[in-house]
Amino acid sequence: MSRQAFRDGIRCYKEAKYQEAIKCFDKAVAAGSQNHYLMYDSRAAAYLKLGQRKEALKDAKAAIDNSPNRWQGYARAARVFVQFNKPDAAQTMVSMAMERLKETEEDRRASLMELEAEIRQLKEKLRLGALDNMAKLPIELFAEITKMLVEDDHTILVSLIHVSKNWRSVIQSIPVLWSKLVLTQRRPKPKAKMWIEHSDGRLGELIIKEACANSPRWPGDSLEGLDWEKLRSCRVQHWDVLSYLQTIGLDSSITSFHCLHFDYDNNENSFSTATQIRLFDQTNPFVNLDQFSVSGGILDVEQCTTQINNLRACSLRNCYLQQGVWGRFLAANPVLESLTLDRVYPPARVSTEFVLELNQLKSLFLGGAVPLDIFTAKMPQLQTLDVRVCWREEVNLLIRHLVATKAGGLTELRVHCCQLDDVVPFIALLRNSPNLQTLEVSNISAGITSLIEFLSAHHPSSSRHPILLRDPQMPPQEVLCPKLNHINFSGCPEVQTGPLVRLIKSRLPPPSTPSNDLTKTPPTSASATPSSVSDTDTPQPSISRIETLIIDRCPNIDGEWLPRIRSAVPFVSSVYMNRKTKYRGA
């Protein structure tokens, strides 16, 4: 019985029916025989063909245990170890197998010698794979590559020093790689000491998160050895770094900083417990400081006006301005290019002492209550304007002021959750902005339809703005903002399918085929129905097509037209307003 099952197993093995061969060998082993080692060895070979290396190794060991003086089990174990990429164990098994061969078994010996050659090749392959190729690079080149990685992601430094001992020793010997220190709740004190040690105390950027500042006995001696005069950027959350520098007698070092960021914001409008930010009484101004940011603190405006005069970027969020005229602080920084004002108190009246001039300002963000002086400031170089949740009077004052001063350099314009008294000044601002590329008018309830019609150069028949229609400086078919390609009308219930389709059509390139999905008329009301395409609708060659269209929470958009809109606009987002986050279209 066992002999016949064994023969059947050998036949199935030769026919590459390895699963059936294993079943036959199982029967042969169960029936019992004096040559169990052959059955175990043969079954191990079948397992190996199926990639079941653990089962193959068990049968090879069983063959050795059954007949330790036979070579078959050792040879099979050697082949299994080769599959496991263990050349040393495989070589040991081959040697033991060759010791048990008879002198007359030359063919078997030749087969084992071929296996030995295969083992040597495997060993060489593994050796080459384990070589540290980076160790062959010049240290300067290795340092430059590592520096690029660290600049892209500072957290990768910890992973790099665990690659190999050679990498660790080289990285730890290059101080410039340790120039950025970010401290969080995870072991801030040991990390600070490690970074300061490997950077020789010459950190370039220090970032301290709120969780770190709230750790027990912070900072203690964690920052001992840090050369504060070499520090260029300091960003702290809920930690009074100014008081700390005074206690260690290094308050004068702050004047060498290039970037200062204080974040004490607790999302509350009460300033009773807010941190008072008083710069040190220094005779030398902050000549290097070009980035200044305060969030959730009380700022001494008069002191800042005296000592800070070279800012390029300034951000004030949820701040209370104390003493002095805040407009003079901005005027004292003639090279200011980026300004963020978000919930800045008190919103003082427009100063009659002087007119605020920000001649180099290119980016302006306004949110919530802000000092009114900014709405009448001269900003001839303004390119990016972002206004969010501001009072109606302020927004309309700003728009009219920009139109009156002929601010024509806008490339990005965003107005979110604001009420427009009249869309006429807004359209006039767009007319003065031929380089506008990004437009966001979101969460606004009225005036959007007229705005869309004017953007598509199709004036509404029942227009309430006859002055614009009779304006000789705007021909009837002139398209506003010809470079416009990113549009966001999210949260505007007045947006309808017809005007939106006309807007898209007016900015499409000349059609290469007679038909277009957008030429079909959607089944909407007459006032919201796109006109059919004719030769006169061919857009001007200089007009850019719309690349991005966001119309989330616009319930009056016909879902049947979304596939056609998507065929004309590369990226379209149209999300329903309900909480289940259903999406229109596929």
Charges only on Cβ, +1 for Lys and Arg, -1 for Asp and Glu: so what's the dipole of the range 155-277 about the Cα centre, in debye to the nearest 20? 680 debye
Can you list the lysines whose alpha carbon sits under 28 Å from that of Lys27, skipping same-chain ones fewer than 8 residues off? Lys14, Lys17, Lys49, Lys54, Lys58, Lys61
Note the per residue figure in Å³ for the convex hull of the C-alpha positions in the range 1-93. 78 Å³
Any aspartates and glutamates whose Cα falls less than 13 Å from that of Lys123, other than same-chain ones fewer than 8 residues away, would be Asp88
Least to most buried among Cys417, Cys234, Cys304, by other C-beta atoms within 10 Å and fewest first, runs Cys417, Cys234, Cys304
May I ask which residue of Phe6, Trp71, Leu50 lies farthest towards the positive end of the charge dipole of the range 2-130, with charges of +1 (Lys, Arg) and -1 (Asp, Glu) on Cβ and the Cα centre as origin? Leu50
Mean-position separation - Cα centroids, the range 165-234 and the range 91-129, in angstrom: 55 Å
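Within a 10 angstrom radius of the beta carbon, how do Ser256, Ser111, Ser574 rank from fewest other beta carbons to most?
Details: Ser256 16, Ser111 13, Ser574 19.
Lowest count first: Ser111, Ser256, Ser574.
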Cross-link candidates for Lys189: which lysines have Cα within less than 29 Å, leaving aside residues fewer than 8 places away along the same chain? Lys147, Lys165, Lys180, Lys209, Lys230
For Thr305, Thr405, Thr247, Thr497, order by how many other beta-carbon atoms lie within 10 Å, fewest first: Thr247, Thr405, Thr305, Thr497
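Read the figures in this text as sums done on the coordinates, not as results from a lab. Here the structure is a predicted model, which means the values were calculated and not measured. We place every Cβ from the backbone using ideal geometry, glycine too, and count neighbours over all the protein chains shown.
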